[in-house]
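Accompanying notes for the structure given below.
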Amino acid sequence: MRKTMIRAATASSILAISAFALAPAAFAQDTMESEGSMSSDSMSSDSMASGDMPMVGGAAMDPAKTIPENASAASNLSTLVAALQAADLVETLSGEGPFTVFAPTNAAFEKLPDGTVDTLLQPENKEQLTKILTYHVVSAEATSEAAMQMIEDDGGEHDVTTVSGDTLTLKMDGDNLVIIDESGGGAVVEQADVMQANGVVHVIDSVLMPE
């Protein structure tokens, strides 16, 4: 368990919001070079709705809608949506982007120590919550195909800088795309390439924590 989860936010977390409009140069460049069209192999067939709209939490994800609009419709992302609201990030993630969001499910949040989510949602912990949430966002659009290509090009691992200013490491575990955080934890992409009007969402099974 991470016992130091609720600690004072660093100055980088305060500056993170203004960084949403700026794509990390290396990742953005790699994405543009590596990205292809969304691969049907990156989604299971039972996660697709009629009209090729992926289903998340029982709801069709409309590629013409923004990340918060679609997330609000997904029953398994309700904790994430509540956290975005508490951190005042809904409007930011409704912007033009593009964004890549690694979206933890409700079950992912339930893995955290008892009381952690309730504590983070308190107004006095808004800066820490903001840092954690922006650690799940990259200011560039990267499909799983692009990410896997970057991992291959870099010899098995690819580091990306998130909006919080911290680093995530992407790697493969068999056929699974895995994200390793600075605290040594990891998350598996459960559902990739959920395309949005302002980016792409990859649904993950754990909450990522900066160091």
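Tally the residues that are in a strand (DSSP E or B), over 22 Å from Ala60 (Cα atoms) and touching a residue at least 40 places away in the same chain (Cβ under 8 Å), restricting the search to segment 159-201.
Qualifying residue count for the region: 5.
Taking segment 164-180 as the search range and keeping residues that are surrounded by fewer than 22 Cβ atoms within 10 Å (Cβ to Cβ) and among the hydroxyl-bearing types (Ser, Thr, Tyr), which one is farthest from Met209 (Cα to Cα)?
Thr169
How many residues does segment 109-141 contain that are touching a helix residue (DSSP H, G or I) at 6+ places or on another chain (Cβ under 8 Å), crowded, with 20+ Cβ neighbours inside 10 Å and not polar (S, T, N, Q)?
The number of residues fulfilling the criteria is 9.
Under the condition of being surrounded by 21 or more Cβ atoms within 10 Å (Cβ to Cβ) and of a type outside the set (S, T, N, Q), which residue from segment 69-82 is farthest from Val137 (Cα to Cα)? Walk me through it before giving the result.
Pass one, segment 69-82, residues surrounded by 21 or more Cβ atoms within 10 Å (Cβ to Cβ): 70-71, 74, 77, 80.
Next, only the ones that are of a type outside the set (S, T, N, Q) stay: 71, 74, 77, 80.
On the way: Ala71: 14, Ala74: 18, Leu77: 15, Leu80: 13 Å.
By that ranking, first place goes to Ala74.
When you look at Thr161, is it buried (at least 16 other Cβ atoms within 10 Å of the Cβ) and farther than 24 Å from Asn76 by Cβ, yes or no? Before the answer, list the steps.
On the way: buried (at least 16 other Cβ atoms within 10 Å of the Cβ): yes; farther than 24 Å from Asn76 by Cβ: yes.
Here the answer is yes, as Thr161 does meet what is asked.
Have a look at Ser144, Ser183 and point out the one that is surrounded by fewer than 24 Cβ atoms within 10 Å (Cβ to Cβ), among the polar types (S, T, N, Q) and either within 25 Å of Asn70 (Cβ to Cβ) or modelled with pLDDT of 95 or more (or both).
Details: Ser183 fails: either within 25 Å of Asn70 (Cβ to Cβ) or modelled with pLDDT of 95 or more (or both).
Of Ser144, Ser183, the one residue that is surrounded by fewer than 24 Cβ atoms within 10 Å (Cβ to Cβ), among the polar types (S, T, N, Q) and either within 25 Å of Asn70 (Cβ to Cβ) or modelled with pLDDT of 95 or more (or both) is Ser144.
Is segment 126-142 home to any residue that is without any contact (Cβ under 8 Å) to a residue 24 or more places away in the chain and aliphatic (A, V, I, L, M)?
Within segment 126-142, the subset without any contact (Cβ under 8 Å) to a residue 24 or more places away in the chain is none.
No, every residue in segment 126-142 fails to be without any contact (Cβ under 8 Å) to a residue 24 or more places away in the chain and aliphatic (A, V, I, L, M).
Just checking: which of the helices (runs of 4 or more DSSP H) contained wholly in segment 46-116 hold 2 or more residues that are β-branched (Val, Ile, Thr) and at pLDDT below 95? Don't jump to the end; show me each part of the working.
Numbers: elements: 67-73, 78-86, 90-93, 106-110.
Filter on segment 46-116 gives an empty set.
The values are calculated or read from the model by the stated rules, or taken from the named source; none is laboratory data. All of these numbers come straight from a predicted model, not from anything done at the bench. Virtual Cβ from ideal backbone geometry, glycine too; neighbours counted across all protein chains shown.
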